[in-house]
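The values are calculated or read from the model by the stated rules, or taken from the named source; none is laboratory data. Given the structure is predicted, the values throughout are model-derived calculations rather than measurements. So basically every Cβ, Gly included, is an ideal-geometry build from the backbone, and we count neighbours across all protein chains shown. Areas reflect the complete protein model, heavy atoms only, side chains present, ligands, DNA and RNA absent. Shrake-Rupley method; radii C 1.70, N 1.55, O 1.52, S 1.80 Å.
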Amino acid sequence: PPQADARERFLSWDDGLTFAIIMVLFLSVVGSIDRAHWVDGMPSLYPIAFLGLLMGAVLARLRWREAFVHLLALPVGAAAALGQILLAVPGPHPVSRYQELHSRMGEWFGAAFGGGISSDDLPFVVLVVALSWLAAYLSSWAAFRWQNVWLALIPGGAILLSNISYLPEQFSLAFVVFLFGGALLVTRLHLVERAKSWRAGDTPYPPFLSLSVLHATFWVALLLVGLAWLMPQANEAKALESLWRRATAPVTERVAGLSRLFVSVNSRQGVRIHDFEDILPF
């Protein structure tokens, strides 16, 4: 029946299992950003990230054109992000907070295009909140609409790696959780594709095969994380570190100039004032 098909499309327990894995993945990313405490007054990113994940999962089930669905999602996401941003803006009521936001963002854009320097932390809050919703929405959409695990992992993984790369060299539980969840998601979406082909060919398979595969993947993922733990760290592999720096130099040199627009962001790494080589000419 049509009602049963609709319930299966939106309330499938298989979809709930996939959503739970993606949620753990992305909330580990959000937790890493929250614990970094880059600026004072940063609102919690958990609500906006969860909203993006939920919107991506639900809207991906609509049998409409993708461009039209995105046009529906963007205003809702922008309104939610604005509400979350206004929590970080001082003011007695929402109207005054919006006016303050408009004024400070105008000054920031003036500094950005005029070659000035900005010490306001609000633009950084706006950037992080907006990217959190967008990345969560795209990850969930890629998983549920395209069944593409790599496009589902790239947004959150890029944000997580960018975040921990600016932190002091230390153990990152969020990165371990992301690796573990990523292995589960790869297996999960592969099984979803296989099950789709089985149903199309009327091939029978166990009803709870997903749980069996997830259980086996859990232990394999633990093994993979353990092997990754034994690999040399970046600061121990000098050749790889040098190669990585040369490969990313064109990008980092361009991005380095943007630091003048985020002066208020707290530094988490020590700054090397002097960098002497083996030989220092007089």
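Round to the nearest 0.05 the FRET efficiency obtained for S12 and W146 when R0 = 22 Å and r is the Cβ-Cβ distance. Walk me through the intermediate numbers first.
Values: r = 17 Å, r/R0 = 0.78.
Calculated value: 0.80.
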Chymotrypsin sites (Phe, Trp or Tyr not before Pro) restricted to the range 140-176 and DSSP loop, no more than 10 other C-beta within 10 Å: F171
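Starting from the range 34-115, pick out the chymotrypsin sites (Phe, Trp or Tyr not before Pro) whose DSSP state is loop and whose Cβ has at most 12 other Cβ atoms within 10 Å.
Working: sites: W38, F50, W64, F68, Y98, W108, F109, F113; in loops: W38, W64.
Those that pass, being in a loop and sparsely packed, are W64.
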Shape call, the range 1-138: gyration tensor on alpha carbons, a/c limit 1.5: prolate
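Give me the 1.4 Å probe accessible area per residue for the range 1-140, excluding ligands and nucleic acids, in Å².
So the range 1-140 comes to 52 Å² accessible per residue, rounded to a whole number.
Classify the range 107-177 from the C-alpha gyration tensor, please: rounded if a/c falls under 1.5, else prolate or oblate depending on whether a/b exceeds b/c. Walk me through the numbers on the way to the answer.
Numbers: a/c = 3.26, a/b = 1.53, b/c = 2.13.
Because a/c hits 1.5 or more and a/b fails to exceed b/c, the range 107-177 counts as oblate.
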Cα-based radius of gyration of the range 94-221 once divided by 2.2 N^0.38 Å, which approximates compact folds: 1.54
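Quick one: plug the Kirkwood hydrodynamic radius of the range 66-123 (C-alpha pairs) into Stokes-Einstein at 20 °C, 1.002 mPa s, and report D in µm²/s. List each step's numbers first, then the result.
On the way: Rh = 13.0 Å.
D, rounded to a whole number, is 165 µm²/s.
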Pairwise FRET efficiency - W219 versus S103, Cβ, R0 = 45 Å, nearest 0.05: 0.20
Projected label distance in nm at R35 and K196, using a 7 Å step from Cα toward the beta-carbon: 3.5 nm
